[in-house]
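Student: Submitted below is the structure of interest, expressed as structure tokens.
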Amino acid sequence: MAISLHNSTNISRVGFASPFLGSNSASKVSISVSLPSFSNLSFKSLETSRQQLYRISAMSKADSSSSNQVKVDISLSPRVNSVKPSKTVAITDHATALAQAGVPVIRLAAGEPDFDTPAIIAEAGINAIREGYTRYSPNAGTLELRTAICHKLKEENGISYTPDQIVVSNGAKQSILQAVLAVCSPGDEVIIPAPYWVSYPEMARLADATPVILPTLISDNFLLDPELLESNITEKSRLLILCSPSNPTGSVYPKKLLEKIAEIVAKHPRLLVLSDEIYEHIIYAPATHTSFASLPGMWERTLTVNGFSKAFAMTGWRLGYIAGPKNFIAACNKIQSQSTSGASSIAQKAGFAALGLGYAGGEVVSTMVKAFRERRDFLVKSFGELEGVKISEPQGAFYLFIDFSSYYGIEVEGFGKIENSESLCRYLLDEGQVALVPGDAFGEDSCIRISYAASLTTLQASFERIKKALISLRPAVPV
């Protein structure tokens, strides 16, 4: 694992490369890079040269007996080359391949509920197919669903929208990406508290913006320090991304802390906020959810993203949405019209049924949340009894983000040195046959993410495997 940090005025910009992600090189590929001179360049020519600098010309040389073989340029866009693949996806795919090969791997890497989609929601989708509701839907989503979303946001979140201020997309991930593309210009800065969801920085890069990573502390429950935020806002700051409840930490922002952040944001007319609220219903009392757009003066500058994947166990249905001021939402709608067009008509019927289950998803969702809480309590208690482990108890979502850094630096016979979160995850996969996600994927290398979206029996077995693998490293680790 290679990690690079460039610090300027307390701003960190982070990048990583991973052996989990494999290699795209081939024996028959040659690569040449042309480096231009940057002396005496204007800003415009400097930008042009920057594009030339990162353009890689790779020529594929296929085996052929012909001396006149045509060489095909297989170079990629500099924008794409700047983006790192999702490590959570890579590890999940690797663990799945091992399981399909007969290796008894316990997979706790994916952020996906283990429950089936509730029957009433599934039936709505099935009925949509049977009734011929299988054609293109309006680009922004059906009026029926957008109206229901407006009702939900008003009743549950205290924020008012009209249907033309909603765009339904193929998952909340698409909603976030379109929002970043819609509001960010090249050179803008996107402020992202770490630990962060793996896709936030890469989405900023796709918009030719710069991700500005602000670290948080486990002792502060991984919550953003308002003073740190204020000291890092510049004239280039365009977007602050907040996720509560958080992936990967499960932290929930208290209303008072959000109000302090809102006071800072209000001082900067150009700064917008993207509030990722996909886990809002998976929350454990006494913690409560507050929508950032509901705070005084924040509606006009907040883009609220939510969806159906997590709370309603609908990950495969691919359905999310964004709400916000009309000019921003119209821009998101324009991008979607030239990319995927409208979300699945079938999934939208299912989503409408989900919103009809009652406040916060009703009993169906509360039953799943109760199970998640039981699993969380088991893991917090169990890992809390291990030496050298630090835990911030999650108040929402279904992840534990545990500090295992006391195990770094240990040499393991037949494996090598455990140097960081990635090598520890590889060790636990090899030795314990449990697939986890290294914290460096989320911007915090001291930790490892464990998804407890699995049965209690599975979690009990996985803990015993991890415990055995850690104990074999050394009998006791000082905290």
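Student: Can you tell me how region 142-229 classifies by the Cα gyration tensor, rounded, prolate or oblate, using a/c under 1.5 as the rounded cut?
Tutor: oblate
Student: Still on this model: Just in region 232-316: which trypsin sites (Lys or Arg not before Pro) are loop by DSSP and have at most 15 other Cβ atoms within 10 Å?
Tutor: Those that pass, being in a loop and sparsely packed, are K236, K267, R270.
Student: As I understand it, the dipole of region 151-224 uses +1 on the Cβ of Lys and Arg and -1 on the Cβ of Asp and Glu, about the Cα centre. Which of P211, L181, N157 lies farthest toward its positive end?
Tutor: N157
Student: Quick check: the distance between the Cα centres of region 167-213 and region 368-411, to the nearest angstrom?
Tutor: 28 Å
Student: State the antiparallel share, in %, of DSSP beta bridges confined to region 238-335, rounding to the nearest 5.
Tutor: Within region 238-335, antiparallel bridges account for around 30 percent of the total.
Student: To continue, here is another question. Pairs of lysine in region 303-392 with Cα under 18 Å and at least 8 positions apart or on different chains: total?
Tutor: The result is 5.
Student: Where does each of 405-418, 357-370, 179-192 land if you order them by average Cβ count within 10 Å, highest first?
Tutor: Averaged packing, sorted descending, gives the order 179-192, 357-370, 405-418.
Student: Which value, in debye to the nearest 20, describes the size of the charge dipole of region 74-148 about its Cα centre when Lys and Arg Cβ atoms bear +1, Asp and Glu Cβ atoms bear -1, and nothing else is charged?
Tutor: With only Lys, Arg, Asp and Glu charged at Cβ, the dipole is about 440 debye.
Student: At 0.36 nm per residue, minus the direct Cα-Cα distance, what do S366 and E202 gain on full extension? Give it in nm, one decimal, please.
Tutor: 55.7 nm
Student: A further question on this structure: With r as the distance between the Cβ atoms of V103 and S472 and R0 = 25 Å, compute the FRET efficiency 1/(1 + (r/R0)^6) and round to 0.05.
Tutor: In this case the efficiency is close to 0.85.
Student: Given a Förster radius of 35 Å and the C-beta distance between E259 and V412 as r, what FRET efficiency does 1/(1 + (r/R0)^6) yield to the nearest 0.05?
Tutor: For E259 and V412, the calculated efficiency is 0.15.
Student: Any chance you could run the full-extension gain for A461 through T234? It's 0.36 nm times the residue separation minus the Cα-Cα distance, nm to one decimal.
Tutor: Full extension from A461 to T234 adds 76.9 nm.
Student: Also: Against the globular-protein guess of 2.2 N^0.38 Å, express the Cα radius of gyration of region 161-295 as a ratio, rounded to two decimals.
Tutor: So region 161-295 has a normalised radius of gyration of 1.01.
Student: Could you give the size of the charge dipole of region 106-187 about its Cα centre, using +1 on the Cβ of each K and R and -1 on the Cβ of each D and E, expressed in debye and rounded to the nearest 20?
Tutor: 240 debye
Student: Can you list which of the chymotrypsin sites (Phe, Trp or Tyr not before Pro) found in region 127-170 are DSSP loop residues with at most 11 other C-beta atoms within 10 Å?
Tutor: Within region 127-170, the qualifying chymotrypsin sites (Phe, Trp or Tyr not before Pro) (loop, at most 11 other Cβ atoms within 10 Å) are Y136.
Student: Something else: Assign one of three labels to region 94-144, namely rounded, prolate or oblate, based on the Cα gyration tensor with a ≥ b ≥ c the square roots of its eigenvalues; rounded applies when a/c is under 1.5, prolate when it is not and a/b is larger than b/c, and oblate otherwise.
Tutor: Prolate is the answer for region 94-144, as a/c is 1.5 or above and a/b outweighs b/c.
Student: Now, a different point. Under the 0.36 nm per residue contour assumption, what length would be gained going from the current alpha-carbon distance of A119 and S382 to full extension?
Tutor: Between A119 and S382, full extension yields an extra 91.3 nm.
FYI, it's all coordinate maths here, none of it is from the lab. A quick note: this is a predicted structure, and the numbers were derived from the prediction, not measured. So basically every Cβ, Gly included, is an ideal-geometry build from the backbone, and we count neighbours across all protein chains shown.
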